[in-house]
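The values are calculated or read from the model by the stated rules, or taken from the named source; none is laboratory data. If you're wondering where the values come from, they're calculated on a predicted model, not measured in any experiment. Cβ coordinates were reconstructed from backbone atoms using ideal geometry, including for glycine residues, and neighbour counts include every protein chain displayed. Side chains are part of the model used for accessible areas, which takes the heavy atoms of the whole protein and leaves out ligands, DNA and RNA. Shrake-Rupley method; radii C 1.70, N 1.55, O 1.52, S 1.80 Å.
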Amino acid sequence: MATSPLLEILSRGRPAEAHRPWPRFVVGGDLWIALTNGLVERHWTLAGLWGDDGAVHMALIEEASQSLAIATYDCPDGRYPSVGKYHPPAIRPERALHDLFGLEPEGLPDTRPWLDHGRWPVRHPLAAEPAAGTEAQPYRFLPAEGEGLHQIPVGPVHAGIIEPGHFRFTANGETVVRLEERLGYTHKGTERLMASMPVTEAARLAARISGDSTVAYGIAFASATEAALGIEVPARAHWLRALMAEIERLANHFGDIGAVCNDAAFAMMLAHCGALRERLLRAAAAAFGHRLMMDRVVPGGVAADLDETGIAAIRDAVRIASEAFPRLIELYDNTASLQDRMIGTGIVSSALVHRYGCGGFVGRASGRGFDARRTLPYPPYDALDFEVPVLNQGDVGARVWIRIREAQQSMALIGQILDRLPDGPHHVPATGSGPGEGVGIAEGFRGDVLACVAVDGDGKVRRCHLRDPSWFQWPLLEAAIEGNIVADFPLCNKSFNCSYSGHDL
């Protein structure tokens, strides 16, 4: 591992005890500002920003040294120096933690509520002393000035069976001048619900943060819990988790490729990709007892082992997909009218994805090659052979091609895992020496999922924060649609496919 300037700065703070596998340091104002400056200068990347009782935590990734660390700023007076004042990716997390904890980011340029729509019976529900609820106030969308501009409000209820979110377009004719999102409609109070739960029950809740990423969330939460409790997971469990993760990734990419094409009025791809996705989900049900593999990843390992019947079902589904997929790629690539809609639409610059630490296919389509499986390797990916595809065009077409290449990689990874799956136990009891704190990260199909868990001595969750990759992708959708026509928003939006539920907690 290379020398880490990040850890050199953090080591001037006070290390937290029993925090694994990456360290946490309590820092003062000078170090907090130095870390913020490092974000601005892109020495490291913001991986998460969340609140606690009288404290703010900031997770940072330094890719050059493959390091992850957490800085904690104690704010007994309820105030802390705003990171978002200098680093825009922190603005929405700071607005959210103010809604939940009442902690004031000094200098934050946007102080509007984010998750709190004025419908809660209390304000700052996660604070030590929540305040009484207040009457909902009108939400002030940002102004846009110019001749001939008009606004188009869309949502939060949409025509399709999708989650709620509001999109406020300012347009000049058909050209979008500004898009502003308002989210938070699917806030469920997840962090409050998790508090005081036994880790086994909390794992079930973590698996339901965003249902299409249930395996990724399960791995991130289980890894964090196991680190906090000092649990050593059997090798077979790690390999089975990776197998489920690649099936989940492959199924979602098949679904997304078809759905993006469908939004460009090419329903044939939706039908064929949907059939491949369905075949994979049926194989998952045969192998692990659940189509989405929900609750199959648990603290201590996995809940269901894999037998020869399950292996045969997975191999058969992947074989059929590997035979059919090349023809679908050729169909996609050689349909001129489809390419006309994809190429040059919804461009996100490389500078923007690096600034926001945007992961997954959105980041990799714009030149950021971060993949937690490779940059922060965890078993068994540190022993597997795979590539991380990266493109630089940053448009809808590039985001589709990244999905295509990742689907090909996942099919190859599934074969490797099945060929090399070790024997042995698949689970150990989720008990260990507490209290402790742990961090887990997993590369889901959208990008990296982060879990930070503090466990009490009795094996119950004291505090848990789960960060969806969509936190750093949603803002870039606003940039992607600017200068495009309103009719291309569904295409841009589907090419991102951000999670509402994962973001809103």
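Probing with 1.4 Å while keeping every protein chain in the model, the per residue accessible area of the chain equals 39 Å². Of the solvent-accessible surface of segment 412-474, computed with a 1.4 Å probe over protein heavy atoms with every protein chain present, carbon and sulfur atoms account for 52 percent. For segment 213-254, chymotrypsin sites (Phe, Trp or Tyr not before Pro) are listed when DSSP marks them as loop and at most 12 other Cβ atoms sit within 10 Å of their Cβ; the list is empty.
Name the lysines eligible as straight-distance cross-link partners of K460: C-alpha to C-alpha under 28 Å, and not fewer than 8 places from it in the same chain. Reachable lysines: K188.
If you take the Cα centroid of segment 1-44 and the Cα centroid of segment 228-304, the two points sit 35 Å apart. The GluC sites (Glu not before Pro) found in segment 171-233 that occupy coil by DSSP, while having at most 10 further C-beta atoms within 10 Å, are E174, E232. Segment 439-505 and segment 355-414 have Cα centres spaced 16 Å apart.
All other residues whose Cβ lies under 12 angstrom from that of C358 are scored, Lys and Arg at +1 and Asp and Glu at -1, for a net of +4.
From helices alone, the chain scores -12500 deg cm²/dmol at 222 nm; the rule is -39500 (n - 2.57) for each run of n ≥ 4 DSSP H residues, then divide by the residue total.
Close amide-amide hydrogen proximity is noted between R79 and E104, each under 5 Å apart and 5 or more residues distant or on a separate chain (H modeled in the peptide plane; Pro and chain starts excluded).
Restricting segment 310-415 to GluC sites (Glu not before Pro) that sit in a DSSP loop and have at most 13 other Cβ atoms within 10 Å of their own Cβ leaves E387. Among beta bridges from DSSP that stay inside the chain, the antiparallel ones total about 85%. Accessible surface of segment 267-392, 1.4 Å probe: 52 percent of it comes from carbon and sulfur atoms.
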